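Contents: one structure, followed by commentary.
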Ligand SMILES: NC(=O)c1ccc[n+]([C@@H]2O[C@H](COP(=O)([O-])OP(=O)(O)OC[C@H]3O[C@@H](n4cnc5c(N)ncnc54)[C@H](OP(=O)(O)O)[C@@H]3O)[C@@H](O)[C@H]2O)c1
């Protein structure tokens with residue numbers, strides 16, 4: 001069985017992007033928090049353990065524009081509206097589109113040999129959490145309120161109990177917490 005793992009940044013008021021999807025508050029803002037030289041907040045160590053990345057179409061729409069392509073692991077885009085032919089040609093050996101309920105997708109990836117999947121995108125994370133497919137989450141909270149945007153979390157069928165495992169603070173005020181999902 002493939003387990004799901006989250007590594008994501010949020011504004012202090014709980015958004016992963018502005019309403020239009022922009023991430024300027026997170027990266028590249030002249031007055032944004034700056035990472036000390038060589039500091040990646042544990043991202044490289046996290047992604048090294050992953051067999052691949054499952055992201056929603058909303059996230060793909062944004063990262064497809066990144067140059068260079070930021071991922072060395074295989075990427076699966078979940079979408080009912082996209083086909084493999086919609087993936088830009090330059091990315092076709094790195095990205096494929098899949099449809100299906102979260103559990104079916106994880107079962108299929110498990111049959112391909114994936115043991116750990118990085119799960120990304122607000123709606124996709126929410127749907128995988130509801131299905132009990134997320135094992136742990138590393139959430140980095142930035143000290144900024146953006147007022148509106150795309151939320152990390154949403155409705156749940158019942159309380160989801162989390163086990164706090166660790167919290168680190170970084171220069172600039174980012175607070176990173178790791179939770180196990182019970
Ligand atoms: N702050 C961060 O660290 C961070 C990290 C990742 C993403 N982001 C930002 O978050 C934004 C995208 O997040 P989002 O919540 O809007 O969208 P998302 O979760 O990336 O994508 C949602 C879309 O994926 C498709 N989908 C297919 N199967 C699904 C399933 N089982 N559950 C949910 N969706 C499924 C649907 O599109 P179809 O209609 O095509 O089926 C759905 O509209 C982008 O702006 C991105 O830049 C920020």
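A short reminder: the numbers here are calculations on the coordinates, not readings from a lab. Bear in mind the structure is a predicted one, so any value in this text is a computation, not a measurement. We place every Cβ from the backbone using ideal geometry, glycine too, and count neighbours over all the protein chains shown.
Beta carbons within 10 angstrom, averaged per residue: use that to sort the peptides 40-49, 137-146, highest first. Provide the component values of the computation, followed by the final result.
Working: 40-49: 12.5, 137-146: 17.9.
Packing order, densest peptide first, comes out as 137-146, 40-49.
Distance in nm between label sites at residue 8 and residue 107, each 7 Å beyond Cα in the beta-carbon direction?
About 2.5 nm separates the two model spin labels.
Need one number: % antiparallel among DSSP beta bridges in the chain, to the nearest 5.
Working: 15 of 38 bridges.
Of the beta bridges lying entirely in the chain, close to 40 percent run antiparallel.
If packing is taken as the average number of other Cβ atoms within 10 Å across a peptide's residues, how do 94-105, 61-72 rank, most packed first?
Numbers: 94-105: 15.4, 61-72: 12.2.
In decreasing order of mean packing, 94-105, 61-72 become 94-105, 61-72.
With each label point set 7 Å from Cα along the Cα-Cβ vector, what nm distance links residue 1 and residue 51?
With each label point 7 Å from Cα toward Cβ, the separation is 1.4 nm.
Taking a ≥ b ≥ c as the square roots of the Cα gyration tensor eigenvalues, with a/c under 1.5 meaning rounded and otherwise prolate when a/b beats b/c, else oblate, which class fits the range 46-182? Each step should come with its number before you reach the end.
On the way: a/c = 1.62, a/b = 1.33, b/c = 1.22.
The shape class here is prolate.
With n ≥ 4 as the cut-off for DSSP H runs, can you work out [θ] at 222 nm for the chain, using -39500 (n - 2.57) per run divided by the number of residues, rounded to the nearest 500?
Working: 4 runs with 32 residues, N = 182.
It lands at -4500 deg cm²/dmol.
Sort the following peptides by mean Cβ neighbour count (other Cβ atoms within 10 Å, averaged over residues), highest first: 9-18, 81-90, 155-164, 115-124.
Numbers: 9-18: 18.9, 81-90: 11.2, 155-164: 9.5, 115-124: 21.5.
Sorting 9-18, 81-90, 155-164, 115-124 by mean packing, highest first, produces 115-124, 9-18, 81-90, 155-164.
Mind jotting down the distance between the C-alpha centroids of the range 45-88 and the range 107-182, whole Å?
Cα centroid to Cα centroid, the span is 17 Å.
Ratio of Rg to Rh for the range 108-174, alpha carbon only, Kirkwood? Mind showing how you got there, number by number?
Working: Rg = 14.6 Å, Rh = 14.5 Å.
Here the Rg-to-Rh quotient is 1.01.
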